[in-house]
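Bear in mind that the values in this text are calculations on the coordinates, not laboratory data. Fair warning: this is a prediction, and the values are worked out from it, not measured in the lab. Note that each Cβ is placed from the backbone with ideal geometry, even for glycine, and that neighbours are counted across all protein chains shown.
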Amino acid sequence: MKPRSSSSMRPLLVGGIVGVLGALGFLSGALGSWSDRATDRFYLPRAPDSSIVIVAIDDASITRIGRWPWDRAVHADLVRKLKDAGAIVIGYDVNFPEPQDDENDSALAESLRDAARVVLPIELSLVLRADGITYDPKSVVVSISRLAGAAARTGHANPSPDPDGVVRRVPLQVRDPEGASSVSAFALEIARLAERAPAIETIPQDRLGRTLINFPGPSRQTFTTIAAADVLQGGADASALNGKIVLVGSTAPDLHDEQIVSTSYGVPMPGVEIHASLLDTLLSRRWLQAVPSWAMAAILLALGLFVGFLIPKIRARWSGLIFAGIWLGILVSAFLAFDRGWVVDVVWPTLVLGVGYAGVTLERRLAAERERRELKTAFSRYVSSSVVESILKDPSKLKLGGERRKMSVLFSDIRGFTTISEGLKPEQLVEVLNRYLNRMTEIVFTSEGVLDKYIGDAVMAFWNAPFDQPDHALKAVRTAVAMQGALAEMNASKAFGSLDLHIGLGVNTGDMVVGNVGGTQRFDYTVIGDNVNLASRLESLTKEYGVGIIITDATRKELGKEILVRSLDKVAVKGKKEPVLICEAMEIASGASKDLKTLARDFEAALDQYFSRDFAGVVVSCNAILSKHPNDVPSKNLRERAKHFIEEPPPGDWVGTWVYTKK
């Protein structure tokens, strides 16, 4: 099966693509409202700057003082009482764009001049442009000049709602369309008048010049608030106002000066409290700033690649739980970053994580199915369909990499095939060969063996790879016996016409190297090593001993009593220095005749005499065997060797090894 070096790169490629798309989506500003709403959930209540106090024009005050709008003399009285209580700065969030009457206007103007530290609001019609926020000079709403001139400062009181209608940011300075002048935010002017304003260049702002308000808490629950009526009627504790920055404004719902903000949770926040929240942000320097776009894009790309890297390395059963943990980790990290002043988008990372997980998981499943098909196609050439299905059901059994392991290998070869092929036409030869190989292959597959290759008319097969088969030696020998029996049946049925085919088989068991062997363009799943070569030599030796199947003693030791086996000889084959005890696998033990079992026993007794140098005894024993089995070639060979050694005794260090110098 051809390895795919690119298979490990596909998940990374899918994850990378998801990361790039996520980064581009984020940079485009898509889903910005979703991201803002998710970030809104990171606000936790905290104590605001203690110097900020709100004097609320609430429903109770309107009920007690009178119908809104109040006379300006009432406002003048409120400013005067706040000054007398010790307020250091007063932000009076009420606009007076029209004259009332001379008496009331004069009273308020005098009170503003006397207080000396009052900021009045300006209402602008903001215009959003690509290069920033400007305002329409024709739509400015400001208090009459008599009052505006009496105030210490003025500042715009316009929040800048996001597209979803939520106030999160306020432009600190708004320039006119020509850029000749600018109007600062109401809260910024209050901070400046209190001499606690930071330098504007040190305040984090977005590309439109807006700063994020770090809301200290939900609406109507955060700042110290005193009813305006209590101040006017003397019911307020003056010490609560002494040394404070006081913001006066409407909190009565009927006056419609309220907006949905990040911490609203469905309850609108009065405008005066929005100004107080921005003022708290300015005084406390608790800045909130978005992570730079380039950094966020890099995070999304890295997250996509991480997903592509991680999924192939974890088990599918744990992947969902692990990725849920990663998502929680993203949320916790974003929350901790928010607590330190950094706003991290969580929507796009969630999308990249989710889509990346789904995409890479899908790619893995498609790859697994593709590999399953390739595996099935590849191994169908080597093993039976049942073995292929077993591998596909449990791929953990499969080990395709090069490894050394104990295995059994079988070689078979048709006797005299060269002579046979010379007497047949090519098409007849192919027909005979295909019919023979097809049947032999079926037998290999039935025993769950791997068909390594055809070498002309020879068949090579092995067991105990690519998955474990503890009884691999028995399977190999049973296959050899079955091949002999099947060929005899084919000859009897004239499957090859007038031809009778005969084969020799060699089986060996031992350590071998198995794996994909070859070049990058073409390779095979095969076994190599000395023990493989020995099996091939054994198949050749079957001609010398006149038997059908020769196995090694190493194979015999793995068979138990399942196979009737007799020892044949101790040989040193070409290419190996160490002698090998070889045996004949005669028959399945349960089906062997009594006569065949006697032959095996008597021959092994004669062979023991041979190794003991009792050559005369060998001749007697072999004659007795041949009287019953006149065609038993091993007995004939052993008798001839014994006669030879009677005439020419072997050297003193002889241990019974017969040396072969040809393959």
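For region 591-663, the residue among 616, 596, 638 whose Cα projects farthest onto the positive side of the dipole built from Cβ charges is 596. Averaging Cα coordinates gives a centre for region 126-159 and one for region 176-218; these two points are 14 Å apart. Secondary structure note: in the chain, about 65% of the DSSP beta bridges are antiparallel.
Which FRET efficiency value, to the nearest 0.05, is calculated for residue 403 and residue 439 with the Förster distance at 22 angstrom and r the Cβ-Cβ distance?
0.10
Pull out the extension gain between residue 647 and residue 41, defined as 0.36 nm times the separation in residues minus the alpha carbon to alpha carbon distance; nm, one decimal.
Numbers: separation 606, 0.36 × 606 = 218.16 nm, distance 10.57 nm.
So the chain would gain 207.6 nm between residue 647 and residue 41.
Packing, taken as the mean count of other beta carbons within 10 Å per residue, orders the peptides 85-98, 302-315, 481-494 from highest to lowest as 85-98, 302-315, 481-494. Across the cross-link table entries 561/628; 543/576; 494/561; 543/577, which are compared at the Cα atoms, the separations over 31 Å belong to 494/561. Here region 128-159 is scanned for amide nitrogen atoms under 20 Å from the site 7 Å beyond the Cα of residue 256 along Cα-to-Cβ, giving 139-143, 157-159. When the charge dipole of the chain is built from unit charges on Cβ atoms (+1 for Lys and Arg, -1 for Asp and Glu) and taken about the Cα centre, the candidate among 25, 205, 362 whose Cα reaches farthest toward its positive end is 362.
For region 27-36, putting each phi into the Karplus relation 6.51 cos²θ - 1.76 cosθ + 1.60 with θ = phi - 60° gives couplings of 5, 6, x, 4, 6, x, 5, 4, 4, 5 Hz, in residue order, rounded to whole numbers and with x for Gly and Pro. Annotation for residue 224 and residue 68: the two label points, set 7 Å from Cα along the Cα-Cβ direction, are 2.4 nm apart.
I'm spelling it out carefully: the read-out is P(r) over Cα pairs in 20 Å bins from 0, in percent, the candidates are (1) 17, 46, 27, 9, 1, 0; (2) 15, 27, 15, 12, 14, 12, 5, 0; (3) 16, 40, 32, 11, 1, and one was derived from this structure. Which label? Computed from the coordinates, P(r) over Cα pairs in 20 Å bins from 0, in percent corresponds to (2).
A simple spin-label model places the labels of residue 633 and residue 468 4.0 nm from each other, with each point 7 Å out along Cα-to-Cβ. Counting DSSP beta bridges with both partners in region 49-286, what percentage is antiparallel, nearest 5? Expressed as a percentage, antiparallel bridges in region 49-286 total about 40.
Amide hydrogen proximity for residue 251: with H placed 1.01 Å from N in the peptide plane, the residues at 5 or more positions away or on another chain lying under 5 Å are 57, 58.
Under a 5 Å amide H cut-off, with hydrogens placed 1.01 Å from N, residue 224 pairs with 54 among residues at least 5 apart or on other chains.
If you sort the three axes of the alpha carbon gyration tensor as a ≥ b ≥ c, you get a/c of 1.5 or more for region 398-559 and a/b above b/c, which makes it prolate. With only the Cα atoms considered, region 27-128 has a convex hull volume of 195 Å³ per residue.
Averaged over residues, the count of other Cβ atoms within 10 Å places the peptides 71-79, 465-473 in the sequence 71-79, 465-473, highest first.
Note on the chain: dipole from Cβ charges, positive end direction compared against 484, 186, 278; the farthest Cα belongs to 484.
Please state the shape class of region 591-663: rounded when a/c is under 1.5, otherwise prolate if a/b exceeds b/c and oblate if not, all from the C-alpha gyration tensor. In terms of gyration-tensor shape, prolate. Neighbours of residue 567, meaning other residues whose beta-carbon lies under 10 angstrom from its beta-carbon, give a summed charge of -2 when Lys and Arg score +1 and Asp and Glu score -1.
Counting only aspartates and glutamates at least 8 places from residue 83 when in the same chain, those with an alpha carbon closer than 17 Å to its own are 93, 110, 114, 230, 237.
Could you size up the charge dipole of region 591-663 around its Cα centre, putting +1 on the beta carbon of Lys and Arg and -1 on that of Asp and Glu, and report it in debye to the nearest 20?
300 debye
For the chain, averaging the sequence separation of C-alpha pairs within contact (under 8 Å, six or more residues apart) and dividing by the residue count gives a relative contact order of 13 percent. Which of the three applies to region 487-602, rounded, prolate or oblate, going by the alpha-carbon gyration tensor with a ≥ b ≥ c and a/c under 1.5 meaning rounded? It comes out oblate by the Cα gyration axes. Sorting the segments 614-622, 41-49, 175-183 by their residues' average number of neighbouring beta-carbon atoms within 10 angstrom, most packed first, yields 614-622, 41-49, 175-183.
Fully extending the segment from residue 486 to residue 315 would add 57.0 nm, taking 0.36 nm per residue of separation and subtracting the current Cα-Cα distance. Here region 409-500 is treated with +1 on each Lys and Arg Cβ and -1 on each Asp and Glu Cβ, and its dipole about the Cα centre works out to around 140 debye. Taking Cα atoms only, the orientation of helix 633-647 departs from the longest principal axis of the chain by about 60 degrees. Which entries of 557/597; 313/376; 406/557; 475/570 have Cα-Cα distances beyond 21 Å here? Pairs exceeding the cut-off: 313/376; 475/570. Distances between placed amide hydrogens fall under 5 Å for residue 569 paired with 582, all partners being 5 or more residues away or on another chain. Evaluated with a Cβ-only charge set (Lys, Arg +1; Asp, Glu -1), the chain carries a dipole of roughly 2980 debye about its Cα centre, given to the nearest 20. Look at where the Cα atoms of region 460-475 and of region 333-352 average out, and the two centres are 56 Å apart.
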